[in-house]
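Trainee: Submitted below is the structure of interest, expressed as structure tokens.
The values are calculated or read from the model by the stated rules, or taken from the named source; none is laboratory data. Worth saying up front: this structure is predicted, and the values here are computed from it rather than measured. Note that each Cβ is placed from the backbone with ideal geometry, even for glycine, and that neighbours are counted across all protein chains shown. All accessible areas refer to the heavy atoms of the entire protein, side chains included, with ligands and DNA or RNA removed. Shrake-Rupley method; radii C 1.70, N 1.55, O 1.52, S 1.80 Å.
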Amino acid sequence: GAVVSQHPSRVICKSGTSVKIECRSLDFQATTMFWYRQFPKQSLMLMATSNEGSKATYEQGVEKDKFLINHASLTLSTLTVTSAHPEDSSFYICSAREGSSAGNTIYFGEGSWLTVV
Amino acid sequence: KQEVTQIPAALSVPEGENLVLNCSFTDSAIYNLQWFRQDPGKGLTSLLLIQSSQREQTSGRLNASLDKSSGRSTLYIAASQPGDSATYLCAVRFNDMRFGAGTRLTVKP
């Protein structure tokens, strides 16, 4: 079946630095990818919708300048947490929608644990 | 904006009990509804996917129902086991997926 690979699975960074998380669709093309954040004991919250070749659409309350999303190819979207702070520590998970039709199947990555110290 | 609610937030049952988890959503214009399991510190495991035209799906001891018109879904777990302990998430799909807050299930031996 279709696989979405997310890397790194765990990362620790110092406060004030930036960290990049990659989301790759390994055996299909994904015009659209989604980024979610999950704080401890809370549910997944959609942060942004990433569209290949265009700007991401951010959900209300998500700072676009802090969470930079780049979707430069049909198989790769990246999320960069800029000037990370301890409150950005969270579980980040991506998903990718196969093809370009809105109703196509969505596949999830394994997630990335970010700890900012 | 689609809102997804799950009840109860937490549930603790003795092993062997049958149980029902509830999910409700505000916008019935969905492609499908999906139930996931999430173990502590882990990603998502898909359990059941119900298309908008379907009423229910079954897999082993799990049965999920969907009533799109009333915006409700239930996940029925038969003969619960300690290994079923996890957080169960309901997600509804339109252009993106929206998740409920989850039900944290504990099955005691």
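Trainee: Could you list, in sequence order, the residues of region B:16-36 that are under 13 Å from the mean Cα position of the chain (by Cα), of a type outside the set (F, W, Y) and away from every other protein chain (no Cβ under 12 Å)? Explain how you work it out, then say what you get.
Mentor: Initial filter on region B:16-36 (under 13 Å from the mean Cα position of the chain (by Cα)): B:19-25, B:32-36.
Keeping just the survivors that are of a type outside the set (F, W, Y) gives B:19-24, B:32-34.
Within region B:16-36, B:L19, B:V20, B:L21, B:N22, B:S24, B:L33 meet the criteria.
Trainee: Can you list the strands (runs of 3 or more DSSP E) found entirely within region B:1-58 that contain at least 1 residues being closer than 20 Å to A:C94 by Cα?
Mentor: B:4-7, B:32-38, B:44-51
Trainee: Identify all residues within region B:69-96 that are surrounded by 21 or more Cβ atoms within 10 Å (Cβ to Cβ) and over 14 Å from the mean Cα position of the chain (by Cα); write none if there are none.
Mentor: B:S80
Trainee: Considering only region A:70-86, state which residues are among the small types (G, A, S) and in contact (Cβ under 8 Å) with a residue 60 or more places away in the chain. First the steps, then the outcome.
Mentor: We begin by selecting, within region A:70-86, every residue among the small types (G, A, S); these are A:72-73, A:77, A:83-84.
The answer is A:S83, A:A84.
Trainee: When you scan region B:53-65, do you find a residue that is within 13 Å of chain A (Cβ to nearest Cβ) and closer than 30 Å to A:S100 by Cβ, even just one? Step through it out loud before you land on a result.
Mentor: Taking region B:53-65 as the starting set, the residues that turn out to be within 13 Å of chain A (Cβ to nearest Cβ) are B:53.
With closer than 30 Å to A:S100 by Cβ added as a condition, the list becomes B:53.
Taking every residue of region B:53-65 in turn, at least one turns out to be within 13 Å of chain A (Cβ to nearest Cβ) and closer than 30 Å to A:S100 by Cβ.
Trainee: Keeping to region B:66-96, report how many residues are within 14 Å of another protein chain (Cβ to nearest Cβ) and among the small types (G, A, S). Write out each step before concluding.
Mentor: Initial filter on region B:66-96 (within 14 Å of another protein chain (Cβ to nearest Cβ)): B:86-96.
Within this subset, residues satisfying the condition of being among the small types (G, A, S) are B:86, B:91.
Here the count works out to 2.
Trainee: Can you tell me which of (1) open to solvent by 40 Å² or more (accessible area, probe 1.4 Å); (2) over 25 Å from B:Q38 (Cβ atoms); (3) among the hydroxyl-bearing types (S, T, Y); (4) away from chain B (no Cβ under 12 Å) is the one A:S101 doesn't meet?
Mentor: (4)
Trainee: To continue, here is another question. Consider A:A30 against the criteria (1) out of contact with any Ser or Thr (no Cβ under 6 Å at 6 or more places or on another chain); (2) farther than 22 Å from B:K1 by Cα; (3) at pLDDT 95 or above: it satisfies all of them except one. Which criterion is unmet?
Mentor: (3)
Trainee: When region A:31-71 is examined, which residues are found to be part of a strand (DSSP E or B) and more than 15 Å from A:F108 (Cβ to Cβ)?
Mentor: A:A48, A:N51, A:T57, A:Y58, A:F67, A:L68, A:I69, A:N70, A:H71
Trainee: Here's something else I'd like to know. Taking the criterion of being open to solvent by 70 Å² or more (accessible area, probe 1.4 Å), farther than 30 Å from A:V11 by Cα and without any contact (Cβ under 8 Å) to a residue 40 or more places away in the chain, would at least one residue in region B:38-52 satisfy it?
Mentor: Yes, there is a match, as at least one residue in region B:38-52 is open to solvent by 70 Å² or more (accessible area, probe 1.4 Å), farther than 30 Å from A:V11 by Cα and without any contact (Cβ under 8 Å) to a residue 40 or more places away in the chain.
Trainee: Right, another one. Every residue in region A:104-117 that is open to solvent by less than 60 Å² (accessible area, probe 1.4 Å) and either in contact with a helix residue (DSSP H, G or I) (Cβ under 8 Å, 6 or more places away or on another chain) or at the interface with another protein chain (Cβ under 8 Å from one of its Cβ atoms) (or both), please.
Mentor: Selection gives A:I106, A:F108, A:G109, A:G111, A:L114, A:V116.
Trainee: So B:G102 clears everything in (1) touching a residue at least 24 places away in the same chain (Cβ under 8 Å); (2) more than 9 Å from chain A (Cβ to nearest Cβ) except one condition, right? Which one?
Mentor: (2)
Trainee: Among the residues of region A:62-77, how many are in contact with a Lys or Arg (Cβ under 6 Å, 6 or more places away or on another chain) and either crowded, with 19+ Cβ neighbours inside 10 Å or within 14 Å of A:R37 (Cβ to Cβ) (or both)? Lay out the reasoning, then the answer.
Mentor: Residues of region A:62-77 in contact with a Lys or Arg (Cβ under 6 Å, 6 or more places away or on another chain): A:75-76.
Pick out the ones that are also either crowded, with 19+ Cβ neighbours inside 10 Å or within 14 Å of A:R37 (Cβ to Cβ) (or both) and you get A:75.
Within region A:62-77, residues that are in contact with a Lys or Arg (Cβ under 6 Å, 6 or more places away or on another chain) and either crowded, with 19+ Cβ neighbours inside 10 Å or within 14 Å of A:R37 (Cβ to Cβ) (or both) number 1.
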